[in-house]
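The values are calculated or read from the model by the stated rules, or taken from the named source; none is laboratory data. Every value quoted in this text rests on a predicted model; they were computed, and no experiment measured them. Cβ coordinates were reconstructed from backbone atoms using ideal geometry, including for glycine residues, and neighbour counts include every protein chain displayed.
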Amino acid sequence: MTTETLLSVRGLSLEVARTGHKVVNDISFDIASGEIFGIVGESGSGKTLATRALISLLPQAIQVTGGSISYKGRDVLGLNAGQLRRLRGAEVGVVFQEPMTSLNPSMTIGRQLEEGLILHTKFSADERRARILEMLRRVGIRDPEGALGAYPHEFSGGMRQRIMLASIMLLKPALLIADEPTTALDAVIQRDVMELMVELTRAEGTAVLLISHDLPMVARYTSRIVVMEKGSIVEHGRTEDLLEAPQHPYTKKLLSSLPFRGEPRMVDMSKAPMVSAKNIIVDYPGRKSLFRKAKAKRALHGVSIDIHEGEVVALVGGSGSGKTTLGRTIAGLVRENEGEIRFQGRARYEDWQDYRMNCQMVFQDPYSSLDPRMTILSLVEEALRLVPNLDAAAKRKRTLETLEEVGLDASYASRYPHELSGGQRQRVAIARAMARRPRFLIADEPVSALDVTVRAQVLNLFSDLQKRYGFSCLFISHDLGVVEQVADRVVVMQDGRIIEEGDRDAIFDRPKESYTRRLLSAIPALDHNATGGVSLKWRFDN
């Protein structure tokens, strides 16, 4: 890495034009050529707005009120529209969080990759095609020729992010801005995309500005980081030093919110399982065509799983492994083609109403699972509609008690979902599930959309409720750091089959399957130290 400064930001301040509210306050940092530099902070810390200002991509409502941005000695804030067009893409590339929103759904991949080359180079059509095919091979697209005529929706999230990376690196920019580039991806794909990004940028000598709230991921790849809180930089320095000995309380708070393994709990495995699923097969019907018969896709291949009383069983695996399908099948939201599901020793369809009263589900995105037209009180109280022996007053009392249990006082009862933060909405979703005092809970990625500190609060709430009521739980997640904190037993799925299962410590410390080792290698083993920091050790790395 050279010491030549590529980008220099001095005293940058941004505010909302209409109200004058400051969203970024007097921040300064430098990025050297070829360096991988990180900005970390929670949602609302101003990190994304600050980096969008670097290439004048701010929303109309946000204005620059102070400071300077210098790229290769040029004042970015003084560039006209034509100069900015030449800067974006050719000099500075941007990889956004969700590639589906940054790739045009109505254009083929080939046309989208060619756009930048047409705008910024003088290559012939044949040269452009050859370069695109070569780049698609480099980013791991199996059929580059076929991909040229395909559309974004035909690829998985990980493949779309690879295509987005290919479109940026075709122009060999000197600086790549990666804004939460892997948040929506599972752990294995996340690591694959990051390794690919690092490999491509190092080969071209490209500097990377990595923006994320995922501290371990940033720590793995960056040499220096800055920590932002409420629009200000509160701490900065070498990544290793900052993690091991943080100075600012906010940095310590972020680090203490990372999931850590707790002491194993004692679960009585001698009794019959609370929930038992045997040889579950689920087929999804294929898309019908005018000239060919629809072919069904098998999502679950004879899966069996037991969950004992008071036990938290984590179901893990990459995207498409079948874990959500299994969870929804056990909940009764998907009908199995073959197999049997038993609850407390009886086939669940023998007393379906009792099973549905005692089996509740917490979904990944509370905003889509809560009716926006209903108040928080009505949403939670609705769950008690069919509970016998509860009159209106008792239901109201139970609802308010449950809201208190999840950390929401009576003042939240009259609010609507859009008036709450993401973490508060997830608390409402948990309250809605817990209002009936169920014996069995299915939690499907319940914290994947939350910031690190909010995630820690919700996980602590989940553990407290589980201790208080002793419900059994199927916890579905691709975040193995979270699983390590909450699970008693871990079940690993791949391609619709269970490939490994065992108690948490055995799976995390002594995995037998190579796929399990690959999953675990994508997350660090964390240890607290005496200075309020953490040490990160990457599993199975040589």
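Once the range 388-404 is narrowed to residues that are within 30 Å of residue 314 (Cβ to Cβ) and out of contact with any helix residue (DSSP H, G or I) (no Cβ under 7 Å at 6 or more places or on another chain), the residue that is surrounded by the fewest Cβ atoms within 10 Å (Cβ to Cβ) is 401. For the residues 110, 41, 67, the requirement of being small (Gly, Ala, Ser), modelled with pLDDT of 90 or more and touching a helix residue (DSSP H, G or I) at 6+ places or on another chain (Cβ under 7 Å) singles out 110.
When the test is whether a residue is crowded, with 22+ Cβ neighbours inside 10 Å and without any contact (Cβ under 8 Å) to a residue 24 or more places away in the chain, residue 507 passes it. Taking the stated definitions as given, is residue 465 in contact with an Asp or Glu (Cβ under 9 Å, 6 or more places away or on another chain) and not assigned by TED's automatic domain parsing to the domain that holds residue 438? Criteria not met by residue 465. Any idea how many residues of the range 405-440 are part of a helix (DSSP H, G or I) and surrounded by 13 or more Cβ atoms within 10 Å (Cβ to Cβ)? Count: 16. Cβ-Cβ under 7 Å, sequence separation 6+ or interchain: first residue in the range 469-486 and free of Cβ contacts under 8 Å to residues at least 60 places away in the same chain, partner surrounded by fewer than 24 Cβ atoms within 10 Å (Cβ to Cβ) and not β-branched (Val, Ile, Thr). Which pairs? These pairs meet every condition: 469/437.
Checked against (1) farther than 30 Å from residue 246 by Cα; (2) out of contact with any Ser or Thr (no Cβ under 8 Å at 6 or more places or on another chain); (3) among the charged types (D, E, K, R); (4) not in a helix (DSSP H, G or I), residue 517 passes all but condition (4).
In the set 379, 384, which member is of a type in the set (A, V, I, L, M, F, W, C) and either surrounded by fewer than 21 Cβ atoms within 10 Å (Cβ to Cβ) or more than 21 Å from residue 331 (Cβ to Cβ) (or both)? None of the other options fit; the residue is 384.
Condition check: more than 31 Å from the chain's Cα centre (by Cα) and either assigned by TED's automatic domain parsing to the domain that holds residue 68 or surrounded by fewer than 15 Cβ atoms within 10 Å (Cβ to Cβ) (or both). Does residue 84 satisfy that? Yes, satisfied.
Within the range 199-218, not a single residue is under 30 Å from residue 339 (Cα atoms), of a type in the set (A, V, I, L, M, F, W, C) and crowded, with 21+ Cβ neighbours inside 10 Å. Counting only strands (runs of 3 or more DSSP E) that sit wholly inside the range 167-244, those with at least 1 residues that are touching a His at 6+ places or on another chain (Cβ under 6 Å) are 224-229, 232-238. Taken over the range 81-111, the criterion of being β-branched (Val, Ile, Thr) and either part of a helix (DSSP H, G or I) or over 21 Å from residue 197 (Cβ atoms) (or both) is satisfied by 101, 108, 109. Exactly one residue among 344, 360, 353 is within 29 Å of residue 305 (Cα to Cα), among the polar types (S, T, N, Q) and modelled with pLDDT under 90, and that residue is 353. Residues in the range 44-59 that are part of a loop (DSSP other than H, G, I, E, B) and at negative phi: 45, 54, 55, 57, 58, 59.
Using the structure shown, decide if residue 59 is of a type outside the set (Ser, Thr, Tyr), closer than 24 Å to residue 15 by Cβ and loosely packed, with under 13 Cβ neighbours inside 10 Å. Spelling it out, residue 59 is indeed of a type outside the set (Ser, Thr, Tyr), closer than 24 Å to residue 15 by Cβ and loosely packed, with under 13 Cβ neighbours inside 10 Å.
Within the range 42-54, is even one residue among the polar types (S, T, N, Q), within 30 Å of residue 132 (Cβ to Cβ) and in the same structural domain as residue 186 (by TED's automatic domain parsing)? Yes.
When you scan the range 520-542, how many residues do you find that are among the charged types (D, E, K, R) and outside any loop (DSSP other than H, G, I, E, B)? Residues flagged as among the charged types (D, E, K, R) and outside any loop (DSSP other than H, G, I, E, B) within the range 520-542 amount to 2.
Within the range 382-396, being touching a Leu at 6+ places or on another chain (Cβ under 9 Å) and not aliphatic (A, V, I, L, M) holds for 395, 396. Within the set 251, 239, the sole residue that is modelled with pLDDT of 90 or more, touching a Ser or Thr at 6+ places or on another chain (Cβ under 7 Å), over 30 Å from residue 470 (Cα atoms) and assigned by TED's automatic domain parsing to the domain that holds residue 30 turns out to be 239. When the range 495-542 is filtered for residues that are within 18 Å of residue 261 (Cα to Cα) and aliphatic (A, V, I, L, M), the ones remaining, listed by number, are 506, 507, 519, 520, 522, 523, 525, 526, 530, 534, 536.
Residues satisfying the criterion are present in the range 117-134 (criterion: at negative phi, touching a Lys or Arg at 6+ places or on another chain (Cβ under 6 Å), modelled with pLDDT of 90 or more and not assigned by TED's automatic domain parsing to the domain that holds residue 450). Can you name the residue in the range 241-286 that is of a type in the set (A, V, I, L, M) and surrounded by fewer than 19 Cβ atoms within 10 Å (Cβ to Cβ) and is also nearest to the chain's Cα centre (by Cα) among such residues? If we take residues in the range 241-286 being of a type in the set (A, V, I, L, M) and surrounded by fewer than 19 Cβ atoms within 10 Å (Cβ to Cβ), then 245 is nearest to the chain's Cα centre (by Cα).
Contact map, the range 39-56: residues that are among the acidic types (Asp, Glu) paired with residues that are outside any helix (DSSP H, G or I), Cβ distance under 6 Å, separation 6+ or inter-chain. Pairs shown: 42/213; 42/451. For the condition small (Gly, Ala, Ser), farther than 24 Å from residue 331 by Cα and outside the structural domain of residue 408 (by TED's automatic domain parsing), residue 421 does not qualify.
Restricting the search to the range 239-264, which residues are out of contact with any helix residue (DSSP H, G or I) (no Cβ under 9 Å at 6 or more places or on another chain) and over 16 Å from residue 531 (Cα atoms)? The one that is out of contact with any helix residue (DSSP H, G or I) (no Cβ under 9 Å at 6 or more places or on another chain) and over 16 Å from residue 531 (Cα atoms): 263.
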